[in-house]
1. Identify, from the list 63, 81, the residue that is surrounded by fewer than 20 Cβ atoms within 10 Å (Cβ to Cβ) and either part of a strand (DSSP E or B) or at pLDDT 95 or above (or both).
2. With the structure loaded, tell me whether residue 23 is assigned to a loop (DSSP other than H, G, I, E, B), open to solvent by 40 Å² or more (accessible area, probe 1.4 Å), within 18 Å of residue 122 (Cβ to Cβ) and small (Gly, Ala, Ser) or whether it fails that test.
3. Only one of 116, 135, 74 is among the hydrophobic types (A, V, I, L, M, F, W, C), touching a helix residue (DSSP H, G or I) at 6+ places or on another chain (Cβ under 9 Å) and in contact (Cβ under 8 Å) with a residue 40 or more places away in the chain; which?
4. Scan segment 2-12 residue by residue and report those that are farther than 23 Å from residue 99 by Cβ and not in a loop (DSSP other than H, G, I, E, B).
5. Hey, residue 71 hits all of (1) out of contact with any strand residue (DSSP E or B) (no Cβ under 7 Å at 6 or more places or on another chain); (2) at pLDDT 95 or above; (3) open to solvent by 40 Å² or more (accessible area, probe 1.4 Å); (4) not aliphatic (A, V, I, L, M) but one; which does it fall short on?
6. Please name all residue pairs, on different chains or six or more residues apart, with Cβ atoms under 6 Å, provided the first residue is in segment 18-37 and is touching a residue at least 12 places away in the same chain (Cβ under 8 Å) and more than 14 Å from residue 1 (Cα to Cα) and the second residue is of a type in the set (Phe, Trp, Tyr) and surrounded by 13 or more Cβ atoms within 10 Å (Cβ to Cβ).
7. Kindly provide the set of residues from segment 107-143 that are in a helix (DSSP H, G or I), open to solvent by 60 Å² or more (accessible area, probe 1.4 Å) and closer than 15 Å to residue 24 by Cβ, ordered by number.
8. Mind counting the residues in segment 28-53 that are modelled with pLDDT of 95 or more, of a type in the set (D, E, K, R) and open to solvent by 10 Å² or more (accessible area, probe 1.4 Å)?
Amino acid sequence: MSFDYTNYSQELANAIKYANSKGVISVASAGNDGQYKAVYPGALPGVIDVASTSNDDTQSSFTNYGFPPVWLAAPGEGVVTTYPWGTYAAGWGTSFSTPFVAGTAALMLGSNGGCATGWQVALGLAQADPIFDPALGFGRLDTYNAVQACH
C-alpha cells in the first residue's frame, strides 16, 4: 500500500484485520514527511511498515521513521520503474521502497519453505541488513536473508 493517512480510520483498520485473517500480508509505506511519526495504514497492527534508504544505506531525508511502527527500510531513491508511454523514469519515495518488501514477501511465500503466515514472513524480513539506525526498524531489506529464513 503506497498511500497514507495521518488520522486513524476504524474502517481501514477493519479492512486490514479482515485481509490479514484471510492470509493477506499487508505491507505499507511509512510516508514521506521526513518526520518521526506514524501514518496509516502503516501504523496499524498486522502491517509491515516500510521506510526508505538512500543508495548509501542511510535514512532518506524525506522518509518518515521510528520504531515502532517502521519494521524495516528498503531503497527508495532513484528507483527506475516503468512510466507512461512505454518509457522508464526514476522515482523517490517510500512508495518505491514498499514494493521491494512486498515482492520479497511473495518470494518468501513461494519458496516452498517454512514461511506460511504473515508473522513468519515478518520475522524473516527482520533478517535485514543492519544499518545501525533504530529509527529504521530492523535495517535495510536483505531479500536473500529473508528468503533463507524460510528454509
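1. Just one listed residue meets the conditions, 81.
2. Numbers: assigned to a loop (DSSP other than H, G, I, E, B): yes; open to solvent by 40 Å² or more (accessible area, probe 1.4 Å): yes; within 18 Å of residue 122 (Cβ to Cβ): yes; small (Gly, Ala, Ser): yes.
Yes: the conditions hold for residue 23.
3. Values: 116 fails: in contact (Cβ under 8 Å) with a residue 40 or more places away in the chain; 135 fails: touching a helix residue (DSSP H, G or I) at 6+ places or on another chain (Cβ under 9 Å).
One residue alone meets the criteria, 74.
4. Hits for segment 2-12 are 10, 11.
5. Result: residue 71 fails condition (1) only.
6. 34/62; 36/65
7. Narrowing segment 107-143 to residues in a helix (DSSP H, G or I): 107-110, 118-125, 134-136, 143.
Still in the running and open to solvent by 60 Å² or more (accessible area, probe 1.4 Å): 107, 109, 119-120, 123, 134.
Across segment 107-143, the qualifying residues are 109, 119, 120.
8. Summing the residues that are modelled with pLDDT of 95 or more, of a type in the set (D, E, K, R) and open to solvent by 10 Å² or more (accessible area, probe 1.4 Å) in segment 28-53 gives 1.
The values are calculated or read from the model by the stated rules, or taken from the named source; none is laboratory data. All figures in this text were calculated on a predicted structure; none of them were measured in a lab. Neighbour counts run over all protein chains shown; Cβ positions are idealised from the backbone, glycine included. When the accessible area is computed, the model is the full protein with side chains, heavy atoms only, and any ligands, DNA or RNA have been set aside. Shrake-Rupley method; radii C 1.70, N 1.55, O 1.52, S 1.80 Å.
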